[in-house]
Amino acid sequence: MRKLLVMALVGLAAQLVDGSLGMAYGVTSSTLLLIAGISPAAASASVHLAEVGTTLASGISHWRFGNVDWRVVRNIALPGAVGAFAGATVLSSISTESAIPWTAGILLALGAYLLFRFARPLRPTRPRNLPRRFLAPLGLFAGFIDATGGGGWGPVATPTLLASGSMEPRKVIGSVGTSEFVVAGAASVGFLVGLGSEGFVLPTVAALLAGGVIAAPIAAWLVRHVPAQLLGAFVGGLIVLVNTRSLLRVFKVEPELGPYAYPLAAVLWAVAIGFSVSAWRRARAAQPAVTAEPELVPAA
């Protein structure tokens with residue numbers, strides 16, 4: 001019971017981050033499930049099944065708050081579903097021992113990407129319609145990484161759309177979160193085909209779902225108020241640190257390399273947060289001088 005309560009709190013915290021930042025529910029939850037000893041395929045399968053419910057609640061909440069661009073959702077969700085189904089079947093066919101370093105490596109790379117993205121300065125958006133030839137390949141790739149890494153739809157899709165400078169941040173976050181409902185459903189079907197129903201850890205799914213559904217409407221409201229840049233740097237550093245530990249343990253080099261790798265990861269995390277705080281303060285200080293206050297996104 002105590003473990004399920006912890007999982008529910010994990011789901012709540014992960015959804016608060018995901019709903020206000022547009023990423024990190026799957027990456028955060030999968031990382032913690034791997035630490036708990038659940039196999040990579042079962043962890044990704046369980047997280048995606050829980051996400052079917054949490055993303056539905058999140059999508060409805062973002063729609064109610066006007067955070068969704070339905071054209072983007074249409075053009076990114078279906079390719080994302082195809083990529084997620086393919087990724088789920090690939091991960092299901094990999095042995096547990098082989099999948100752990102693969103999954104931890106993807107999560108580590110995504111965490112580093114978050115650190116890099118959200119430690120950089122901000123720039124104003126230039127609203128324009130993104131072409132389908134850009135959105136479809138992005139959805140396909142992000143969906144595949146999402147299923148094989150236990151998360152990645154948001155960390156790939158959200159920063160890419162933000163870096164384009166073509167959409168308001170709240171529209172990016174709301175559209176990516178809403179389309180994830182289709183992606184999570186396709187990944188769950190892929191895992192069901194590859195693993196069968198025993199591949200889902202149902203008590204964990206229920207706990208993650210309960211926490212996520214509670215947090216979804218709160219996160220959709222917070223997306224207008226939370227400084228996403230700071231949150232992105234914090235989450236990215238946490239993911240890097242945890243998955244560095246996973247890789248060191250998989251390759252049995254933690255005693256030798258741990259004393260060097262952990263302090264290095266912590267220093268990089270602190271530096272990234274420092275850059276994020278500095279950039280956020282500069283952007284905030286500059287806003288009163290702007291007549292038509294622009295929306296801000298991470299620079300490409």
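The values are calculated or read from the model by the stated rules, or taken from the named source; none is laboratory data. On a predicted model such as this, the values are computed, not experimentally measured, just so you know. Using ideal geometry, Cβ is built from the backbone for each residue, glycine included, and neighbour counts are taken over all protein chains shown. Surface areas here come from the heavy atoms of the whole protein model, side chains and all, with no ligands, DNA or RNA. Shrake-Rupley method; radii C 1.70, N 1.55, O 1.52, S 1.80 Å.
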### Query
Within the range 162-202, restricting attention to residues that are under 12 Å from A45 (Cβ atoms) and touching a Leu at 6+ places or on another chain (Cβ under 6 Å), which residue is modelled with the highest pLDDT?
S188
### Task
Might you let me know whether the range 72-92 holds any residue that is open to solvent by 10 Å² or more (accessible area, probe 1.4 Å), in contact (Cβ under 8 Å) with a residue 12 or more places away in the chain and under 17 Å from R170 (Cβ atoms)?
yes
### Task
Hey, can you tell me all the residues within the range 118-161 that are at pLDDT below 70 and more than 14 Å from the chain's Cα centre (by Cα)?
P121, L122, R123, P124, T125, R126, P127, R128
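Matching residues to (1) under 15 Å from the mean Cα position of the chain (by Cα); (2) at pLDDT below 80:
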{"residue": "A24", "(1), (2)": "yes, yes"}
{"residue": "V47", "(1), (2)": "yes, yes"}
{"residue": "T54", "(1), (2)": "yes, yes"}
{"residue": "W63", "(1), (2)": "no, no"}
{"residue": "V73", "(1), (2)": "no, no"}
{"residue": "G80", "(1), (2)": "yes, no"}
{"residue": "G83", "(1), (2)": "no, no"}
{"residue": "S95", "(1), (2)": "no, yes"}
### Query
Which number in (1) in contact with a strand residue (DSSP E or B) (Cβ under 7 Å, 6 or more places away or on another chain); (2) open to solvent by 40 Å² or more (accessible area, probe 1.4 Å); (3) at pLDDT 70 or above marks the one condition that P294 misses?
(3)
